[in-house]
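The values are calculated or read from the model by the stated rules, or taken from the named source; none is laboratory data. Bear in mind the structure is a predicted one, so any value in this text is a computation, not a measurement. Note that we place each Cβ from the backbone using ideal geometry, even for glycine, and neighbour counts take in every protein chain shown.
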Amino acid sequence: MDAAERRLLLHLLAKAGAVSPVAHAPYRIYARKTRKTDRRGRPQHVFYFAKWDPESQHWETAKSTGQTTRAAAETWAALVLTEENHSRETVGAFAKGMFDDGSEYLVHREQRGRALSWNHRRHCATYLKRYILPYFGTTRLADISALNIDRFQSWLLKQPARNSTATLSPSTANHVVQAFRTVTKWAIRHRLIAHDPFVGVESLATQPRRRGIFEPDEVRRIFALGAEGWPDPLARVLNMVAAACGLRKGELQGLRRSCVQETMLADGRAAAVLLVDASWERSGRLKGTKSGRSRLVPVPPIVYCELQGAMSASPWSDPKHYIFYSIDAERPMSHKKIDKDFARALAVAGIDEPLRLERALSFHSWRHWANSMLVNRGLPPLRAQQVIGHTSLKMTANYLHTGEDFSDVMAITDDIF
């Protein structure tokens with residue numbers, strides 16, 4: 001019996017359980033002499049790498065490492081084995097808990113000043129649990145392709161929407177796919193995917209939701225309401241600042257008393273400038289603005305007068321306390337209360353809930369109102385963008401440090417009230 005027959009017999013006996021498989025190192029490295037010589041005329045060696053196959057009880061075909069020293073060959077072999085192990089990792093094993101507090105991914109973003117908002121994290125975690133893992137959970141990261149993702153998009157459109165008999169909208173499906181793209185980008189960074197599987201993938205066609213906006217007479221009517229529309233005077237002032245300045249809800253909540261800087265206009269009236277440098281998120285903490293930049297926003301005299309009254313009536317007087325306060329000195333007025341007061345005022349002003357939903361009016365409509373009011377009354381778009389805080393134009397950065405003379409803006413915003 002020659003050596004080959006002996007190995008075959010041992011293999012068959014091992015499979016039958018008659019003998020135990022021979023224990024081996026996972027790989028071996030050995031040198032082969034080449035025709036090349038070094039400076040001293042000695043022959044050079046190249047090291048080869050071979051893996052042990054425990055199933056067949058044989059060494060696999062050896063391949064060159066391209067290395068001329070054993071240490072370098074060992075390092076090469078370790079990298080190859082690591083990449084092979086990674087190639088077997090599934091989406092479920094890799095992505096589980098990726099959007100949970102304290103995860104490696106979230107810490108990585110936070111350390112680089114790109115922390116995700118609590119709301120964004122919550123949505124991504126929901127998409128991961130409800131759609132991504134059920135579909136891709138057992139798929140190897142290395143097997144993800146553009147075709148897989150195209151089929152995933154089609155599958156999403158057939159899934160029932162939450163609390164509804166309808167299926168997911170193309171817009172929601174695109175959000176889910178975007179969350180999955182975040183997973184693949186993180187896997188690429190960990191060298192678990194060799195190429196971007198999203199190359200060539202197109203978003204689903206959507207019909208953008210119509211943005212609701214108020215009419216000028218509606219704005220005047222809303223703010224002319226008394227206690228029947230605004231039982232809480234502080235809520236009325238918050239909405240006035242939103243309408244005049246175009247601040248986001250979280251930015252209004254994040255305003256502290258120290259953010260208000262009084263200024264005098266040429267006609268002798270007192271106005272103010274707000275430093276918008278933070279935003280309150282639903283998780284209960286203060287974070288940076290959406291754009292990551294601070295900005296100065298002018299408050300016209302009429303609105304500033306109302307704002308002064310609200311600050312004077314506040315039970316909290318420390319500069320760090322919130323302007324739009326709650327019974328807790330450490331927390332501002334809640335999202336829920338802001339939305340409730342907004343809806344009540346609109347209903348009293350003649351915009352009931354069915355009409356409000358039909359016209360797609362929400363608290364965020366104040367932001368669209370402020371932007372439209374400034375542009376439609378002749379303010380240059382880049383100047384309006386500086387005040388509103390949009391970052392879509394490439395040259396916005398050049399206009400972030402203009403002078404503090406906001407008379408052009410106040411002339412427009414003061415007139416509507």
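Determine whether segment 161-178 contains at least one residue that is assigned to a loop (DSSP other than H, G, I, E, B), farther than 24 Å from Leu361 by Cα and not hydroxyl-bearing (Ser, Thr, Tyr).
No, segment 161-178 contains no residue that is assigned to a loop (DSSP other than H, G, I, E, B), farther than 24 Å from Leu361 by Cα and not hydroxyl-bearing (Ser, Thr, Tyr).
What number of residues in segment 303-334 are closer than 14 Å to Glu262 by Cα and among the polar types (S, T, N, Q)?
Going through segment 303-334 one residue at a time, the tally reaches 1.
Evaluate segment 188-207: report whether one residue or more is closer than 30 Å to Leu141 by Cα, surrounded by 21 or more Cβ atoms within 10 Å (Cβ to Cβ) and hydroxyl-bearing (Ser, Thr, Tyr).
no
Would you mind listing the helices (runs of 4 or more DSSP H) fully within segment 194-282 where at least 3 residues are farther than 29 Å from Arg114 by Cβ?
Once the helices (runs of 4 or more DSSP H) in segment 194-282 are filtered for at least 3 residues that are farther than 29 Å from Arg114 by Cβ, what remains is 216-223, 233-245.
Please identify the pairs in which a residue from segment 173-194 that is over 14 Å from Arg130 (Cα atoms) has its Cβ atom under 7 Å from the Cβ atom of a residue that is small (Gly, Ala, Ser) and in a helix (DSSP H, G or I), counting only partners at least 6 apart or on another chain.
The qualifying pairs are Val183/Ala95; Ile193/Ala142; Ile193/Ala187.
Name the residues in segment 240-268 that are small (Gly, Ala, Ser), farther than 16 Å from Pro332 by Cβ and touching a residue at least 24 places away in the same chain (Cβ under 8 Å), would you?
Pass one, segment 240-268, residues small (Gly, Ala, Ser): 242-244, 246, 250, 254, 258, 266, 268.
Cutting the leftovers down to farther than 16 Å from Pro332 by Cβ gives us 243-244, 246, 266, 268.
Scanning segment 240-268 gives Ala243, Ala244, Gly246, Ala266.
If you check Val177, Val183, Val219, which single one turns out to be at pLDDT below 95 and β-branched (Val, Ile, Thr)?
On the way: Val177 fails: at pLDDT below 95; Val183 fails: at pLDDT below 95.
Step by step, each of Val177, Val183, Val219 is checked, and only Val219 is at pLDDT below 95 and β-branched (Val, Ile, Thr).
For segment 23-43, state whether one or more residues are under 30 Å from Thr184 (Cβ atoms), polar (S, T, N, Q) and either in a strand (DSSP E or B) or modelled with pLDDT of 80 or more (or both).
Scanning segment 23-43 turns up no residue that is under 30 Å from Thr184 (Cβ atoms), polar (S, T, N, Q) and either in a strand (DSSP E or B) or modelled with pLDDT of 80 or more (or both).
Quick one: which residue in Gly226, Gly246 is over 30 Å from Ser145 (Cβ atoms) and loosely packed, with under 13 Cβ neighbours inside 10 Å?
The match here is Gly226.
When you scan segment 333-356, how many residues do you find that are part of a loop (DSSP other than H, G, I, E, B) and touching a residue at least 60 places away in the same chain (Cβ under 8 Å)?
Qualifying residue count for the region: 4.
Test of understanding: among Ser103, Ser169, Ser203, Ser145, which residue is closer than 22 Å to Ser283 by Cβ and small (Gly, Ala, Ser)?
When all the criteria are applied, what remains is Ser103.
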